[in-house]
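The values are calculated or read from the model by the stated rules, or taken from the named source; none is laboratory data. Every value quoted in this text rests on a predicted model; they were computed, and no experiment measured them. Every residue, glycine as well, gets a Cβ built from its backbone with ideal geometry; the counts of neighbours run over all protein chains shown. Calculation scope for accessible area: heavy atoms of the full protein, side chains included, ligands and nucleic acids excluded. Shrake-Rupley method; radii C 1.70, N 1.55, O 1.52, S 1.80 Å.
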Amino acid sequence: MKNEEYYTVVEKIIESKSFGHSKTYANLLRYLLKCTLANEVPKETTIAQEIFGKSDFDPSNSTLIRVYAYNLRKKITSYYNKEGKEDKLVVKIPKGGYEIFFEEKTLDKLQRKNVQKKWLMLSGFLFVVALIYLIASKNKPENENYVAQSELWNDFFLNEKPAMIVLGDLFVFSETNSETGRTYNVRDPRVNSMEMYEKLASTYDKTKFELNPISYTYLVKNSSMWIDDLVKLFYPTNKDYVIRTMSRFNTKELSENNLIVVGMLKTLGVFKNYFKNSNYLFETSDSLNSSEKIIEKGINYSANGNPDSYHTDYAVMVKIPGPNNNLVYLFGGLWDTGTSQSLKNFTDSKLIYDLELEMKKKFGKIPEYYEIFFEVNGIDRMELNSKIISINEIKADTNIWDID
């Protein structure tokens, strides 16, 4: 085959739905093909520099390239299991290396006979398998209807109070240079409230800078994904809802609505009060030099790694009683990766089904109110997988909102 034909095969994979429209993975696959056709086997340090711009990459201290290669192989396998299952030429990247191989799918006569023989042997109980599947499918989630009807959600949608989605947004202020007269909008990750803003403002030289909070705020990029997940959840129920940002949330609305609150924990405003009566402690920045962490049973959990590559985040999902016979659901992470996965565990049919089983296994039922603590691994601020660290039942009479 000519080089152009190999590139055609690779581009077909990149453009597939299974590949996921990721520019980073597309660039990595094209680069590996380029090296293969040039009879070069790139090292991890070379890949890190060429694809990720990391000139000081040390493979002994980072698994970044191996993680990306692992997920690239999964994307290619997914393609050949779906769109590419009829392709005659198969792209493979063997484990432990970064060279691409092209293999033709062929079946000789003996293989065909073996396949036919196995099919005849299996066909006898396919009907039984189908029957088992049909029975199991009655309890197995397959769409958004299952999610909305889940025991984890059904009382929210059966409750007659109006529904409100509240998104945690980021505090922004302006900084004017007295000498130049130029004004900049500033997003400082350490400043997430008016109190922190005032603390920071007190450290500025007022003869040189003028600081002012501004009327608008920022939403993180993943907010669009959170809304998309929730819209899919609401759609089959025909239940109306309104959307607020935390900066525009009026505490009066706390008792008037059933609430779904989504955002990084540091952006959750009044809802951070929940942690004062929780099994988990969220420790936010009391000083400008500290970072956020979740503490459980004396153990500190802090997000770590590079949020733009492989990293670990921590998140909570909470269902608690509101102050006026209403419901409050909180989905939050230290970073936006954890926030996304926390919500996904409650909006993906398979994940919510698994979570139901886990809760029934521990409590023998789905508690009316509960809190769940997750560890989340991700790449490029997108979640890869999560595991439950702990689940606790919350008593209906827990004092949450009447806090001094």
task: Look at segment 208-234 and say how many of its residues are without any contact (Cβ under 8 Å) to a residue 60 or more places away in the chain and more than 24 Å from PHE157 (Cβ to Cβ).
output: 12
statement: Taking first residues from segment 147-160 that are on the phi > 0 side of the Ramachandran plot and second residues anywhere that are of a type in the set (Lys, Arg) and open to solvent by less than 10 Å² (accessible area, probe 1.4 Å), the pairs with Cβ under 7 Å that are 6 or more apart or on different chains are none
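To keep it simple, each residue is scored yes or no on (1) in a loop (DSSP other than H, G, I, E, B); (2) in contact with a Pro (Cβ under 9 Å, 6 or more places away or on another chain); (3) at pLDDT 90 or above.
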site	(1), (2), (3)
LEU230	no, no, yes
LEU233	no, no, no
GLY263	no, no, yes
VAL270	no, no, no
LYS276	no, no, no
ASP286	yes, no, no
message: Suppose we filter TYR68, TYR98 for residues that are modelled with pLDDT of 85 or more, farther than 17 Å from ILE379 by Cβ and open to solvent by less than 50 Å² (accessible area, probe 1.4 Å); which single one remains?
response: TYR98
- prompt: How many of the residues in segment 2-53 are of a type in the set (D, E, K, R) and either open to solvent by less than 40 Å² (accessible area, probe 1.4 Å) or assigned to a helix (DSSP H, G or I) (or both)?
  reply: 9
message: Can you list residue pairs whose Cβ atoms sit under 6 Å apart, with the first residue in segment 377-395 being at pLDDT 90 or above and the second being assigned to a loop (DSSP other than H, G, I, E, B)? Count only pairs 6 or more apart in sequence or on different chains.
response: ASN392/ASN279; GLU393/PRO367; ILE394/TYR369
